[in-house]
Amino acid sequence: ELIASRLPVTMTLGAFSMAFALMIAIPLGVFAAIRPNTWIDRFSLSLAVFGQALPNFWFSLVLIYVLAVMFPILPVSGTKGWEYFVMPVIVLGTNAMPALMRLTRTGMLDVLSSDYIRTAWAKGLKPHKVLFKHALRNAIIPVVSVAAVQFAYMLGGSIVIETVFALHGIGNLAYQSILRADIPTMQAVILLFSS
């Protein structure tokens with residue numbers, strides 16, 4: 001009952017975080033591949049390194065300070081509405097975005113140098129049709145499989161985020177169980193996260 005009552009919060013957080021990561025990573029990866037070795041490419045790769053190196057708990061505290069203390073735009077804790085998920089989604093999505101962006105960029109670079117793309121350009125197809133209908137469709141296949149792995153990692157790695165933002169999800173349940181030495185609940189949560 002404890003897990004069933006808290007699972008929707010964690011699943012909502014994971015789904016929105018993955019959507020946020022994909023909305024940032026795929027366009028950045030595509031633009032970086034279209035214009036390699038330009039400022040767009042360097043900016044995208046720098047953003048990927050920044051997102052990979054940023055600790056979740058520190059980034060969470062910075063967002064709380066900026067968006068809730070300095071400029072009181074968003075609430076810090078709770079799950080009453082969508083605005084309570086904005087900061088946690090940004091933190092978790094920023095963590096997943098670098099791998100997806102680099103994979104999109106690499107896949108697009110490989111696909112753009114293939115023969116069927118050169119044939120599509122030679123036929124005189126419009127650039128958006130070549131890039132999105134032919135190139136991105138084939139380059140996105142490995143991104144989908146990595147996104148599934150990243151989603152599972154997000155659900156397991158949400159313990160810190162749910163604790164910092166006081167979201168009542170499975171991650172927070174795991175943290176509370178550890179503090180109370182509640183072994184059966186900890187075992188159930190670990191079994192759920194590892195499956």
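The values are calculated or read from the model by the stated rules, or taken from the named source; none is laboratory data. None of these values were measured; they are calculated from a predicted model. Counting neighbours? That spans all protein chains shown, and the Cβs are built from the backbone with ideal geometry, glycine included. The accessibility values were calculated without ligands, DNA or RNA, using every heavy atom of the protein model including side chains. Shrake-Rupley method; radii C 1.70, N 1.55, O 1.52, S 1.80 Å.
Worth pointing out:
- A Cβ-based charge dipole, computed about the Cα centre of region 53-135 with Lys and Arg at +1 and Asp and Glu at -1, lands at about 440 debye.
- Listed residues 169, 51, 78, most fluctuating in the chain (Gaussian network, C-alpha, under 10 Å): 78
- Among [x] 38, 19, 13; [y] 41, 20, 14; [z] 30, 23, 14, the entry that matches semi-axes √(5λ) of the Cα gyration tensor in Å as calculated here: [x]
- Assuming charge only on the beta carbon of Lys and Arg (+1) and of Asp and Glu (-1), the dipole of region 36-195 about its Cα centre is about 700 debye to the nearest 20.
- Excluding ligands, DNA and RNA, the accessible surface per residue across the chain is 55 Å² with a 1.4 Å probe.
- Unit charges at the beta carbon, dipole of the chain: most positive-side option, 47, 76, 131: 131
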